[in-house]
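Structure, as structure tokens:
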Amino acid sequence: MFAFTAVLLTACSKKDDLSTPLVGLGGDSWVAGDIDDWITANYTTPYNIEIKYKWDRSELGEVNKDVVPIKEDKVIAVMDAIKKVWIEPYIAVKDAAFFKKYSQKQFYLAGSPSYNSNGTITLGTAESGRKIVLLNLNTFVPNNKASVKEILHTIHHEFGHVLHQNIAFTVDFQRISAGDYIATWFNFSNAEAR
């Protein structure tokens, strides 16, 4: 009992400086740099899309999962690939007005995937048709076909959710492959999925 009291009393020293701001809990500031200038020129100005890459745990939704920030040297490479495989094709096939109307207005970028209790990982989420959280971006390699394909799949998948939330499908369309949906979709190997 004496040892516990001694530890407790010494742990609460009045010498501790509790005024130091905690990183990631708000109030953080930084000087805009080359990454921010590139984002403004390629996303914010032409499409009114905000790209958040600085660490902000509150953007992830599930705070009980361990996720790491994106490495800053990956930000432009990831967002340039997304522009080429998501924005440019939609504008070419439809038009800029369609894209601006339905595109998400915010992206949050994280470095690692979110690990799930069933053995799967989450690579992205769509929130209320306005925001996409992209995960596992620290493994992105711009000249690697598999890496680009993974991000292409994730961004189109999440944009599909946004379109589904905003554009009603006919009942017939919803029945096209209804029998192929199963609760354990993640138990298939890559060979079976092809």
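Quick one: with all protein chains in place, what share of the accessible area of region 94-146 is carbon or sulfur, to the nearest percent (1.4 Å probe)?
53
Using a 1.4 Å probe, what is the accessible area per residue for region 39-166, in Å²?
Per-residue accessible area for region 39-166 comes out at 51 Å².
Return the long-range amide H neighbours of E50 (sequence gap of 5 or more, or a different chain), with a cut-off of under 5 Å between placed amide H atoms.
Here the answer is Q106, F107, since their amide H atoms fall under 5 Å of that of E50.
Could you derive backbone 3J(HN,Hα) for region 159-165 from the dihedral phi with the Karplus parameters 6.51, -1.76 and 1.60 (θ = phi - 60°), listing whole Hz in sequence and x where the residue is Gly or Pro?
After applying 6.51 cos²θ - 1.76 cosθ + 1.60, I find 5, x, 4, 5, 5, 4, 6 Hz.
Just to confirm a number: summing +1 for Lys and Arg and -1 for Asp and Glu over residues other than I155 whose beta-carbon lies under 14 angstrom from that of I155, what do you get?
0
What does DSSP give for region 66-191 in terms of the percent of beta bridges that are antiparallel, rounded to the nearest 5? Walk me through the intermediate numbers first.
Working: 7 of 11 bridges.
Roughly 65 percent of the beta bridges in region 66-191 run antiparallel, per DSSP.
With each pseudo-label sitting 7 Å past Cα toward Cβ, what's the N144-R175 distance in nm, one decimal?
About 4.4 nm, to one decimal.
The values are calculated or read from the model by the stated rules, or taken from the named source; none is laboratory data. Note that the structure is a prediction, hence the values are computed from the model and not measured. With ideal geometry, Cβ positions are generated from the backbone for all residues, glycine too; neighbour counts draw on all protein chains shown. Each accessible area value is taken on the protein alone, full model and side chains, heavy atoms only, with ligands, DNA and RNA left out. Shrake-Rupley method; radii C 1.70, N 1.55, O 1.52, S 1.80 Å.
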